[in-house]
Amino acid sequence: MNETATIELRNLQIEDYLDLKISMQKAYDDLENSHWKEYHIQNLLNIFPEGQLCIVYENRVVGVALSLIIDYKKMGDNHNYEQITGGYSFDTHNAGGDVLYGIDVFIHPEYRGLRLGRRLYDARKELCENLNLRAILFGGRIPNYNEYAKELKPKEYIQKVKNKEIHDPVLSFQISNDFHVRKILTNYLEGDESSLEYATLMEWNNIYFQEKEMLVNVQKTTIRLGLVQWQMRHFPSFDSFVEQAEYFIDAVSDYQSDFVLFPEFFNAPLMAPFNGFSAAEAIRKLAEFTEPLRDKFSELAMGYNVNIITGSMPELQADGKLLNVGYLCRRDGTTEKYEKIHITPSEKSSWGMVGGDALKVFDTDCGKIGVLICYDVEFPELSRLMADDGMQILFVPFLTDTQNGYMRVRSCAQARAIENECYVAIAGCVGNLPKVNNMDIQFAQAAVFTPCDFAFPTNGVKAEATPNTEMTLIADVDINPLLELHNFGSVRNLKDRRKDFYELKLKTKNV
């Protein structure tokens, strides 16, 4: 090395990418798939320029540290690298978050004797203090673990590194820089064969952090659900239908509910004037009410200060396809759509309906939620994908005509609560609707299901309505026991999956 050379620590610039790429390729010769593209770096610089740091030696970038700010409550300890980076889109960055999350640090191998990594770590700590963030966290590789895996479990390996019985080039360095191991992460970085895809969740706490006093808009941990068990009946007009829906919204909001859930196709009474049409034509006429209902529910969500899940309605696409959709109408005025993925045989044969292609977890002021329409809850893959994305409450609007159909939905909903360590709320229609095709009889019993462990009801049923009677069901669910279950439950379904043996992936990018 040149003894007269200068070393500069500064913020990264897009013009540094070529040097960055060379240093990255040298540093990660065992992780080819981890190489950053230029558009990744440009995106990071656009959203959080002060968090992207580099070391310049003789006008050449030889070390880099990349970071995001994360609202850690939304992520929690049960995450992997793809989730923390938002599938490498970095849409998880939240300027109002509380944690500086390190997504990468690397030094060109030829410059590792200059303690440049320590400079980058110290700069991150200074940034964390200046931004008044609670902590620095990141998932650290343990690249020497594959040499010991046959004789040591990850926990044993980490302890020996701490005791300096084993040297790990990454973990040993991190511990020496005042980071401690918060937990072990599994299946963290796909393709990290040296670490066998294990990682250590490393943490450095900012002792100068000042808690920001928040008097309003604090995310709730106890959430009140209002489920509408809707009686099918004829309505003389669209306005009278909306009036009945508003009655239920008003009722549950009087109890300070955070959510109100309506059933699948609860708007079917609006199809009565078209009973002389074929079934396929009548359902398409019903679809004409979907947009006005969405707009009305959005207005009611704001007016009654409650998040409304609008059950489901038919929606006719521009290309002529008929979907079964619903809307999350938040109380802040925003709306998002969800789609039924699996269409029942009768929906196909009678109406010519097709399945949607969008699956998403929704952020709300009460945490992350998912919605699956009726038949979809009988396919465990969908809710598992949502659970992997942090879902805490799953809402299931349904429509079943017979008790055996209802029991399929109910039994599967209970299974989803156990499998995915979440709450599941279901609501359906009751009663009869003569002179409306395919809507003659209904059977339902609204309910809220929980996991089965010590912090929850023994039978996994938090609350349930009287069967086949129009009513509302109000129930509180607490998010904190879910977090406890994830980490210390009698069984931990999410953590104990054998991802080394099988995996589940979504083919599209709609999650």
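The values are calculated or read from the model by the stated rules, or taken from the named source; none is laboratory data. Since this is a predicted model, take the numbers as computed values, not measurements. Cβ coordinates were reconstructed from backbone atoms using ideal geometry, including for glycine residues, and neighbour counts include every protein chain displayed.
Only one entry of Pro109, Pro169 meets the criterion of being touching a Pro at 6+ places or on another chain (Cβ under 7 Å) and farther than 26 Å from Asn487 by Cα, and that entry is Pro169.
What do you reckon, is Asp319 within 30 Å of Arg224 (Cα to Cα) and either exposed (fewer than 15 other Cβ atoms within 10 Å of the Cβ) or without any contact (Cβ under 8 Å) to a residue 24 or more places away in the chain (or both)?
Taking the combined requirement at face value, the residue does not satisfy it.
Within the stretch 416-446, work out how many residues are in contact (Cβ under 8 Å) with a residue 60 or more places away in the chain, touching a helix residue (DSSP H, G or I) at 6+ places or on another chain (Cβ under 7 Å) and among the β-branched types (Val, Ile, Thr). Total meeting the criteria: 2. Checked against the criterion of being free of Cβ contacts under 8 Å to residues at least 40 places away in the same chain, touching a Cys at 6+ places or on another chain (Cβ under 8 Å) and in the same structural domain as Asp254 (by TED's automatic domain parsing), the candidates Ser298, Ser278, Ser312 yield just one match: Ser298. For the stretch 178-187, residues that are crowded, with 16+ Cβ neighbours inside 10 Å, part of a loop (DSSP other than H, G, I, E, B) and out of contact with any Asp or Glu (no Cβ under 6 Å at 6 or more places or on another chain) total 2.
So that you can scan it fast, the table gives a plain yes or no per residue for (1) without any contact (Cβ under 8 Å) to a residue 12 or more places away in the chain; (2) of a type outside the set (A, V, I, L, M, F, W, C); (3) touching an Asp or Glu at 6+ places or on another chain (Cβ under 7 Å):
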site: Leu131; (1), (2), (3): no, no, no
site: Gly140; (1), (2), (3): no, yes, no
site: Lys164; (1), (2), (3): yes, yes, no
site: Phe173; (1), (2), (3): no, no, no
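Yes or no: Asn206 in contact with a Lys or Arg (Cβ under 7 Å, 6 or more places away or on another chain) and in contact (Cβ under 8 Å) with a residue 12 or more places away in the chain? Answer is yes for this residue.
Among the residues making up the stretch 405-451, a single one is closer than 19 Å to Phe265 by Cβ, polar (S, T, N, Q) and at pLDDT 95 or above: Gln445. The number of residues in the stretch 406-463 being surrounded by 20 or more Cβ atoms within 10 Å (Cβ to Cβ) and not in a loop (DSSP other than H, G, I, E, B) comes to 21. Restricted to the stretch 35-84, and to residues that are hydroxyl-bearing (Ser, Thr, Tyr) and buried (at least 17 other Cβ atoms within 10 Å of the Cβ), which residue is nearest to Asp363 (Cα to Cα)? Looking at the filtered set, the residue picked out is Tyr72. Looking across the stretch 375-391 at every residue that is touching a helix residue (DSSP H, G or I) at 6+ places or on another chain (Cβ under 6 Å) and buried (at least 20 other Cβ atoms within 10 Å of the Cβ), the one that is nearest to Val325 (Cα to Cα) is identified as Asp376. Across the stretch 473-494, not a single residue is classified as in contact with a Cys (Cβ under 8 Å, 6 or more places away or on another chain), over 21 Å from Val260 (Cα atoms) and either surrounded by fewer than 16 Cβ atoms within 10 Å (Cβ to Cβ) or free of Cβ contacts under 8 Å to residues at least 40 places away in the same chain (or both).
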